[in-house]
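The values are calculated or read from the model by the stated rules, or taken from the named source; none is laboratory data. On a predicted model such as this, the values are computed, not experimentally measured, just so you know. Glycine gets a Cβ as well: all are built from the backbone with ideal geometry, and neighbour counts include every protein chain shown. Just so you know, the surface numbers come from the protein's heavy atoms only, side chains and all, with ligands and any DNA or RNA stripped out. Shrake-Rupley method; radii C 1.70, N 1.55, O 1.52, S 1.80 Å.
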Amino acid sequence: MTSLRTFTRPAVRRQETDVGDATTRYLLYGLLPGWFVPGLADWVMHRRTRIEDTSGTKESLIHALMMTEVGIPIALTLRYEVNPLLIAVQLGGATVHEATALWDVRTAVRSEREVKPIEQHIHSFLESLPFAALTSLMCLHSDQVKSLLDGGRSDPNAWRLVPRERPLSRGYLAGIAAGIGACVLLPYGEELLRCRRAARTRRKPARDETTWQATQGDG
């Protein structure tokens, strides 16, 4: 006589597969593209509070550093299999990003730039999304988390970058690259250039005054 377990086991497997597929789709088509929205909104807030005339180039460079800290783990995850090495890189990137975010806010607050409540709320999304992505990925690859805790001793490829067995489509990667270019590189590149131009403009009158004072002294 066939047991009840025999009938229920395939259904459980299908349910697990569906959850895994749904989580993967959420990460690829929901969370990652959705990340661009608060990032672009944060740039708008910097522009409205005239970052170029307050915290200036220093804060803009901190923004570039934070984008690098999350960008490298994302790029690696899109191209390579999730293994202990990749999870370690993601954990390190998320931790360093959080520390840099505190430095960023402290830099803004100590300058004359007003960090309004809406910008602080935007920051809450930018800080929580890396952890949301990381924890979802770790749930999907719990075996690799166990391998990481074991030091990767049972897997010869644990500490190597292994290309994906099923690479993401070129269309998807091109779309993500376009989103990064339009919502990250262009606006924040413009912000940095704006801050650099403002800094040069402020330095020019100071140099002119120094030259005039030197001329008067010689006279």
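Observations on the structure shown:
- Phe125 passes every criterion in (1) of a type outside the set (Gly, Ala, Ser); (2) in contact (Cβ under 8 Å) with a residue 60 or more places away in the chain; (3) over 17 Å from Thr100 (Cα atoms) apart from (3).
- Hits in region 27-52 - residues which are more than 15 Å from Ser128 (Cβ to Cβ) and in contact (Cβ under 8 Å) with a residue 40 or more places away in the chain: Leu28, Pro33, Phe36, Leu40, Trp43, Met45, His46, Arg47, Thr49, Arg50, Ile51, Glu52
- Among the residues making up region 81-104, those that are more than 9 Å from the chain's Cα centre (by Cα) and more than 20 Å from Asp150 (Cβ to Cβ) are Thr95, Val96, Glu98, Ala99, Thr100, Ala101, Leu102, Trp103, Asp104.
- Those residues of region 147-184 which are of a type in the set (D, E, K, R) and farther than 30 Å from Ala41 by Cβ, in sequence order: Asp150, Arg153, Asp155, Arg160, Arg164, Glu165, Arg166
- No other residue among Arg153, Arg164, Arg203, Arg194 is modelled with pLDDT under 95 and surrounded by 10 or more Cβ atoms within 10 Å (Cβ to Cβ) apart from Arg203.
- Among the residues making up region 113-130, those that are farther than 14 Å from Pro38 by Cβ and surrounded by 12 or more Cβ atoms within 10 Å (Cβ to Cβ) are Arg113, Glu114, Val115, Lys116.
- For region 50-68, a residue qualifies if it is of a type in the set (A, V, I, L, M, F, W, C) and either surrounded by fewer than 20 Cβ atoms within 10 Å (Cβ to Cβ) or over 14 Å from Glu191 (Cα atoms) (or both), and the qualifying residues are Leu61, Ile62, Ala64, Leu65, Met66, Met67.
- When Pro130 is tested against the conditions (1) closer than 30 Å to Arg50 by Cβ; (2) modelled with pLDDT of 95 or more; (3) of a type outside the set (Gly, Ala, Ser), the lone failure is (2).
- Selection status of Gly71, surrounded by fewer than 20 Cβ atoms within 10 Å (Cβ to Cβ), under 12 Å from the mean Cα position of the chain (by Cα) and closer than 19 Å to Gly189 by Cβ: yes
- Tyr80 fulfils the conditions (1) under 23 Å from Ile176 (Cα atoms); (2) open to solvent by less than 60 Å² (accessible area, probe 1.4 Å) except for a single criterion, (2).
- Inter-residue pairs, beta-carbon under 8 Å, first closer than 15 Å to Ser128 by Cβ and free of Cβ contacts under 8 Å to residues at least 12 places away in the same chain and in region 86-103, second of a type in the set (Ser, Thr, Tyr) and open to solvent by 40 Å² or more (accessible area, probe 1.4 Å), 6+ apart: none
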